[in-house]
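The values are calculated or read from the model by the stated rules, or taken from the named source; none is laboratory data. None of these values were measured; they are calculated from a predicted model. Note that we place each Cβ from the backbone using ideal geometry, even for glycine, and neighbour counts take in every protein chain shown. Accessible surface areas use protein heavy atoms only, side chains included; no ligands, DNA or RNA. Shrake-Rupley method; radii C 1.70, N 1.55, O 1.52, S 1.80 Å.
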Amino acid sequence: MSTLGTMNSLIEPTLKSLKKAEVILFNLTDEQLSNTSIPPYFSSIGKHVRHILDFYDCIFKLRNNKIDLTTRSRNPLVEQHCSDAINYLYELNNKLRNFRVNTNQEIIVVDNLGEGNIEIPYTIGALLAQANSHTIHHYAIINYILNGMKISINDLEFGYNATTPRA
């Protein structure tokens with residue numbers, strides 16, 4: 001498969017996954033987005049959305065063959081206001097649509113797994129795939145929070161990985 005074909009097979013599912021955030025953001029109030037009342041972690045939907053989007057934002061800061069996942073922007077307005085989160089989402093969607101790199105390009109990813117920053121060899125394609133799985137994982141947590149807030153969404157796939165067996 002060509003690099004462009006591989007890139008499309010990574011970008012299209014990612015855009016589809018991120019579209020689910022748009023649906024949520026257009027159907028929540030700012031109060032619901034920033035609500036931290038659901039145990040056991042008392043996190044908000046907004047914090048998870050911001051975290052997801054920050055991960056992608058780091059990918060676009062590729063410098064000297066290195067992407068640092070520890071330098072997230074962590075903008076609190078994205079966590080508190082649906083309009084700010086939507087604007088951030090659209091900005092990243094546009095960057096994704098125009099992202100043209102070799103998916104096999106080897107890069108170094110800086111991350112902190114709990115013992116300080118480490119450098120990990122990756123490819124751009126592997127990092128994009130990880131970002132999409134990471135997004136779905138956080139959607140599962142968001143779904144838990146929505147359930148605790150007695151808010152339902154009309155998407156039976158929300159928060160489920162494509163490989164999750166269906167009953």
(Q) In whole percent, and with a 1.4 Å probe on the protein chains, what portion of the accessible area of the stretch 11-167 is carbon and sulfur? (A) 51 percent
Q. Taking LYS19 as the anchor, which aspartates and glutamates have their alpha carbon closer than 19 Å to its alpha carbon, excluding any fewer than eight residues away along the same chain?
A. ASP30, ASP54, ASP57, GLU79, ASP84, GLU91, ASP155, GLU157
Q. So how tilted is helix 45-59 from the main axis of the chain? Cα-based, degrees 0 to 90, rounded to 10.
A. 10 degrees
Q) Hey, what did the stretch 43-97 get for relative contact order, percent, Cα under 8 Å, at least 6 apart? A) 41 percent
Q: Keeping all protein chains in place, calculate the accessible area per residue for the chain (probe 1.4 angstrom), answer in Å².
A: 55 Å²
Q) Could you give the length gained on full extension between ARG100 and GLU115, defined as 0.36 nm per residue of separation minus the Cα-Cα distance, in nm? A) 2.1 nm
Q: Be a star and scan the stretch 68-93 for residues whose amide nitrogen sits under 15 Å from the point 7 Å along the Cα-to-Cβ vector of GLU31.
A: 81-82
Q) According to the square roots a ≥ b ≥ c of the eigenvalues of the Cα gyration tensor, what is the shape class of the stretch 117-167, taking rounded for a/c under 1.5, prolate for a/b larger than b/c otherwise, and oblate for the remainder? A) prolate
Q: Return the calculated 222 nm mean residue ellipticity for the chain, to the nearest 500 deg cm²/dmol, obtained by summing -39500 (n - 2.57) across DSSP H runs with n ≥ 4 and dividing by the residue count.
A: -17500 deg cm²/dmol
Q: Go through the stretch 77-87 residue by residue and turn each phi into a ³J(HN,Hα) via Karplus (6.51, -1.76, 1.60, θ = phi - 60°); whole Hz please, and just put x for glycine and proline.
A: 5, 5, 6, 10, 10, 4, 5, 5, 5, 5, 4
Q.
Using amide H atoms built in the peptide plane, which far-off residues or other-chain residues are under 5 Å from ASP68 H to H?
A. VAL110
Q: Report, in degrees rounded to the nearest 10, the 0 to 90 angle that the Cα long axis of helix 3-27 makes with the longest principal axis of the chain.
A: 20 degrees
Q | For the stretch 83-154: rounded, prolate or oblate by the Cα gyration tensor [a/c cutoff 1.5] | A | oblate
Q) List the chymotrypsin sites (Phe, Trp or Tyr not before Pro) in the stretch 41-102 that DSSP assigns to loop (not H, G, I, E or B) and whose Cβ has at most 12 other Cβ atoms within 10 Å. Which are they? A) TYR41, PHE42
Q | Separation between Cα centres of the stretch 18-75 and the stretch 129-167, rounded to whole Å | A | 14 Å
Q: For each pair in LYS16/LYS61; LYS16/LYS150; LYS61/LYS95; LYS20/LYS47, compute the distance between the two Cα atoms and list the pairs where it is over 20 Å.
A: LYS16/LYS61; LYS16/LYS150
Q: Could you tell me whether the stretch 1-128 comes out rounded, prolate or oblate from its Cα gyration tensor? Rule is a ≥ b ≥ c as square roots of the eigenvalues, rounded for a/c under 1.5, then prolate if a/b exceeds b/c, otherwise oblate.
A: oblate
**Q.** Helix 124-148 vs. the chain, principal-axis angle (Cα, 0 to 90°, nearest 10)
**A.** 10 degrees
